[in-house]
1. May I ask which residue of GLY194, SER231, ILE8 lies farthest towards the positive end of the charge dipole of the stretch 5-242, with charges of +1 (Lys, Arg) and -1 (Asp, Glu) on Cβ and the Cα centre as origin?
2. For a quick check of your reading of the filter: which trypsin sites (Lys or Arg not before Pro) in the stretch 213-281 sit in a DSSP loop and have no more than 15 other Cβ atoms within 10 Å?
3. Whole-Hz Karplus ³J(HN,Hα) for the stretch 223-238, in order, using 6.51 cos²θ - 1.76 cosθ + 1.60 and θ = phi - 60°, x for Gly and Pro?
4. Distance cut-off 23 Å, Cα to Cα: go down the list LYS13/LYS230; LYS13/LYS215; LYS77/LYS143; LYS73/LYS230 and report the pairs above it.
5. So how strong a dipole does the stretch 5-242 carry about its Cα centre when Lys and Arg Cβ are +1 and Asp and Glu Cβ are -1, to the nearest 20 debye?
6. Cα gyration tensor of the stretch 28-117, axes a ≥ b ≥ c as square roots of the eigenvalues: rounded (a/c below 1.5), prolate (a/b > b/c) or oblate?
7. After finding the eigenvalues of the alpha carbon gyration tensor for the stretch 5-242, what semi-axes result from the square roots of 5 times each, listed largest first in whole Å?
8. Post the alpha-carbon centroid distance, the stretch 1-27 to the stretch 56-73, in whole angstrom.
Amino acid sequence: MKRTIKKIITGEKTSDGKGVQLTRLIGSSALDMLDPFLLMDAFGSDKPQDYIGGFPPHPHRGFETVTYLFAGKMRHKDSVGNSGIIETGGVQWMRAGKGIIHSEMPEQEEGVLFGVQLWVNLPTTHKMSEPHYQEVNKTGIPKEIRGGDCFLKVIAGKTKNGTQGAMSHDLIDPLYWDIHFSQHATFSDKIPAGHNAFIYVIEGEITVYGESVTKNQLAVLSDGHHIEIKSASSARFLLIAGKPLNEPVSRSGPFVMNTDEEIQQAFADYESGKLAKPFQA
Ligand code: FE
């Protein structure tokens, strides 16, 4: 069965952290969540005032954040002792688990900062697990060439040709592909039936069985096991899919749990220093 476009989301302009301007595509009034995806933010600007404030220290519990930078540099630091820089083309997949406090700050004072952050829910069994990171730079992401006019960078999941993504994930069997068309091209692949899936267009315009999706739009796909995407000219888009958890979700700010009581506990643990070691960026 073909996966067609079910809904197109243009996102809501908002700001988060210390005044970072962004577009919220998932986690908004138009699309509350797409289980297991809780939030998808796109940020992109060449104006320092839109990003320079960054995301000073803040906590997370109960889910994962996946940050992919298309341009620029972000420095991260956390309460567990990790720190590093995500550079252009790099991805960080962070499991906050039982709790982490971290900062995510631009490592630049000018130029373009452009990327996306996706929040991936954790099942009850893993919400209180130890924090864990997977990080990969531009050169560490497997690239699959599909003829002269199409290639994809495989961040997670396995393509029909057998390219295995850079990130391993035992819980939601994710696909996270960054697909590039240099001109008129067609891309097709398999997506496991039952997974929730979406496309986010970074550049240009694509069509899914004749329906168009343009730059900065997110298209939620119907269920099925096959996708075919075409473009009349150069384009770049993300194709992301994951197995739904089908669990109750209670969320507030930086915490995502199953029940309201667990959310209250997260706030209490944060305030008492039990969620994570207090941390100064
Ligand atoms: Fe964060």
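A short reminder: the numbers here are calculations on the coordinates, not readings from a lab. Not measured: the values here are computed from a predicted model. Because the Cβ atoms are built from the backbone with ideal geometry, glycine has one as well, and the counts that use them run over all protein chains shown.
1. Going by the Cα projections, it comes out as GLY194.
2. Here the sparse-neighbourhood loop sites are LYS215, LYS274.
3. Once θ is set to phi - 60°, the couplings for the stretch 223-238 become 6, x, 10, 9, 9, 9, 10, 10, 8, 7, 8, 5, 7, 9, 8, 9 Hz.
4. Violating the 23 Å Cα-Cα cut-off are LYS13/LYS230; LYS77/LYS143; LYS73/LYS230.
5. 200 debye
6. It is oblate, given that a/c is not under 1.5 and a/b is not larger than b/c.
7. 27, 20, 17
8. Using only Cα atoms, the two centres lie 16 Å from each other.
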